[in-house]
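Peer 1: Have a look at this one before I ask anything.
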Amino acid sequence: MNNNEITKNITELINIMKEKRPLVECLTNRVTINDCANMVLAMGASPIMAEIESEMDEIMAISDALVINLGLLDTQYLEAMKTAAKAAKRLGKPVVLDPVGAGASSLRDRVCAEMIELAQPDIIRGNMSEIRALSGGAVSSKGVDASDEDKVTDKNIDAMTELVRSFAEKCGCVVCATGATDIISDGSSVLLVKNGDKMLCSVTGTGCMCSAMTGACAAAGDPLTAAAAVVVMLGLAGERAADYVRDNGSGIGTFKVKLFDFVYSLSDGDFAGGAKIETVR
């Protein structure tokens with residue numbers, strides 16, 4: 001599949017998502033819950049942020065996808081996640097897992113492993129440090145952020161690509177490792193996406209937003225295309241928001257607002273002309 005075909009598939013999936021307007025149940029952390037809900041709305045889907053375990057079966061019956069974000073490891077919240085995951089798999093609803101802080105503590109590592117086994121996610125979306133920790137590689141954690149040692153460079157791109165591909169093959173799902181260069185694989189195909197701007201790292205929760213958005217796209221198409229669609233969408237919006245800030249001499253608060261604006265307003269032409277995707281396998 002060539003890059004033009006991938007971009008076309010991404011655009012078609014996003015349009016299907018907007019037409020379908022899927023309901024996405026987001027069990028996410030309270031630091032970013034409002035931003036995640038608003039970003040799902042901005043992209044054209046509909047969020048629900050239910051948290052009570054006793055309603056998870058009913059919530060998943062009406063939802064089109066489930067996003068599990070492990071930023072909050074409260075016991076009651078974890079039980080809600082487990083119940084929601086079981087319901088989603090029983091009902092055939094796509095599951096996106098965000099392994100926040102994997103590698104930062106033994107508790108997080110254990111919970112991440114348990115949730116991967118239980119939820120059998122369709123997509124795992126994390127930063128490179130989290131993905132490397134989950135894959136059993138050397139841990140270089142910086143809390144919930146990616147370590148500088150895990151930045152994808154020209155020197156380590158082959159090794160990082162193989163790490164993501166092999167982990168995806170092991171898990172039997174799509175793995176999306178986000179960063180300046182996003183690496184996405186279903187265990188066979190591997191895509192690199194180079195959209196985005198460094199200002200995305202200056203806003204709390206862009207990773208959480210990315211995972212919530214991935215749930216919406218996963219409800220509209222295959223997991224590999226869905227994951228790629230979201231990182232292209234968020235990356236393009238980040239580029240335009242950063243350009244706006246620099247052109248107008250404003251700051252990070254404006255960047256955040258414009259990020260939502262541009263996610264909302266991206267057109268088919270923006271994807272066709274701006275998507276930076278490479279197929280490496």
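Peer 1: Not counting ligands, DNA or RNA, and with a 1.4 Å probe, what is R21's accessible surface area in Å² rounded to the nearest 10?
Peer 2: Counting only protein heavy atoms, the figure is 120 Å².
Peer 1: Another one. Can you give the relative contact order of the stretch 71-121 as a percent, counting alpha carbon pairs under 8 Å and 6+ residues apart?
Peer 2: On the way: 30 pairs, mean separation 22.3, N = 51.
Relative contact order of the stretch 71-121: 44 percent.
Peer 1: Here is a further query. I'd like to know which of N38, V257, L91 lies farthest towards the positive end of the charge dipole of the chain, counting +1 on Cβ of Lys and Arg and -1 on Cβ of Asp and Glu.
Peer 2: Towards the positive end, the residue furthest out is V257.
Peer 1: Within the chain, what percent of beta bridges assigned by DSSP are antiparallel, to the nearest 5?
Peer 2: The answer is about 40 percent antiparallel.
Peer 1: Same structure again: Need one number: nm distance between label points at S265 and V280, each 7 Å from Cα along Cα→Cβ, rounded to one decimal.
Peer 2: 3.4 nm
Peer 1: Can you compute the charge dipole magnitude of the stretch 140-281 about its Cα centre, using +1 on each Lys and Arg Cβ and -1 on each Asp and Glu Cβ, nothing else charged? Give it in debye, rounded to the nearest 20.
Peer 2: 200 debye
Peer 1: log10 I(q)/I(0), Debye, Cα-only the chain, no solvent, q = 0.09, 0.14 Å⁻¹?
Peer 2: So the normalised log intensities are -0.36, -0.93.
Peer 1: Also: Expressed in nm², what is the orientationally averaged projection area of the convex hull enclosing the Cα positions of the stretch 152-281?
Peer 2: Approximately 8.1 nm², given one-decimal rounding.
Peer 1: In percent, what relative contact order does the stretch 5-65 have, based on Cα pairs under 8 Å that are 6 or more apart in sequence?
Peer 2: 42 percent
Peer 1: In addition: May I ask for the equivalent-ellipsoid semi-axes of the stretch 20-177, computed as the square root of five times each C-alpha gyration tensor eigenvalue and listed largest first in whole Å?
Peer 2: Working: eigenvalues 144, 52, 47 Å².
Over the Cα atoms of the stretch 20-177, the semi-axes work out to 27, 16, 15 Å.
Peer 1: I've got another one for you. When the label point is put 7 Å from the Cα of I52 along its Cα-to-beta-carbon vector, which residues of the stretch 74-101 have a backbone N closer than 20 Å?
Peer 2: Residues passing the 20 Å test: 74-88.
Peer 1: So what's the back-of-envelope 222 nm ellipticity for the chain, counting only DSSP H runs of four-plus at -39500 (n - 2.57) apiece and dividing by all residues, rounded to 500? Mind dumping the intermediate values first?
Peer 2: Details: 11 runs with 149 residues, N = 281.
Taking each H run of at least 4 residues, the total per residue is -17000 deg cm²/dmol.
Peer 1: Still on this structure, please answer the following. First measure r as the distance between the Cβ atoms of K86 and I16, then evaluate 1/(1 + (r/R0)^6) with R0 = 25 Å and state the FRET efficiency to the nearest 0.05.
Peer 2: Numbers: r = 27 Å, r/R0 = 1.09.
With a Förster radius of 25 Å, E is 0.35.
Peer 1: Can you tell me the accessible area per residue over the stretch 151-267, all protein chains present, probe 1.4 angstrom, in square angstrom? Can you show the working numbers first?
Peer 2: Working: 4490 Å² over 117 residues.
Computed with neighbouring chains in place, this is 38 Å² per residue.
Peer 1: For the chain, modelled as a GNM with alpha-carbon contacts under 10 angstrom, which of S46, S106, S189 fluctuates the most?
Peer 2: S106
Peer 1: OK, next. Roughly how much of I59 is accessible, in Å² to the nearest 10, using a 1.4 Å probe?
Peer 2: Approximately 20 Å² of I59 is accessible to the 1.4 Å probe.
Peer 1: Can you tell me how much longer the chain between R30 and N156 gets when fully stretched, taken as 0.36 nm per residue apart minus their C-alpha distance, in nm with one decimal?
Peer 2: Stretched fully, the R30-N156 segment lengthens by 41.9 nm.
Peer 1: A further question follows. Quick one: pull the percent of accessible area on the stretch 166-281 belonging to carbon and sulfur, 1.4 Å probe, ligands and nucleic acids left out.
Peer 2: With neighbouring chains kept in place, the figure for the stretch 166-281 is 49 percent.
Peer 1: Given a Förster distance of 35 angstrom, what is the FRET efficiency for N38 paired with R246, based on the Cβ-Cβ distance and rounded to 0.05?
Peer 2: 0.90
Peer 1: Hey, another quick one. Would you work out if the stretch 89-128 is rounded, prolate or oblate? Take a ≥ b ≥ c from the square roots of the eigenvalues of the alpha-carbon gyration tensor; rounded if a/c is under 1.5, else prolate when a/b is larger than b/c, oblate otherwise.
Peer 2: Working: a/c = 4.02, a/b = 1.77, b/c = 2.27.
It is oblate, given that a/c is not under 1.5 and a/b is not larger than b/c.
Peer 1: If you don't mind, there's one more thing I want to ask. Can you bin the stretch 161-231 into rounded, prolate or oblate? Criterion: square roots of the alpha carbon gyration tensor eigenvalues sorted a ≥ b ≥ c, rounded for a/c under 1.5, prolate for a/b above b/c, oblate for the rest.
Peer 2: The shape class here is oblate.
Peer 1: Next question, about the same structure. Using just the C-alpha positions of the stretch 1-110 as equal point scatterers, what log10 of I(q)/I(0) does the Debye formula give at each q in 0.12, 0.15, 0.16, 0.24 1/Å?
Peer 2: Here log10 of I(q) over I(0) equals -0.47, -0.70, -0.78, -1.29.
Peer 1: Continuing with the same structure: Under the definition of Cα pairs under 8 Å and six or more residues apart, what whole-number percent is the relative contact order of the chain?
Peer 2: 21 percent
The values are calculated or read from the model by the stated rules, or taken from the named source; none is laboratory data. Predicted model, so just to flag it, every value in this text is computed and none were measured. Glycine gets a Cβ as well: all are built from the backbone with ideal geometry, and neighbour counts include every protein chain shown. Only protein heavy atoms, including side chains, enter the accessible area calculation; ligands, DNA and RNA are left aside. Shrake-Rupley method; radii C 1.70, N 1.55, O 1.52, S 1.80 Å.
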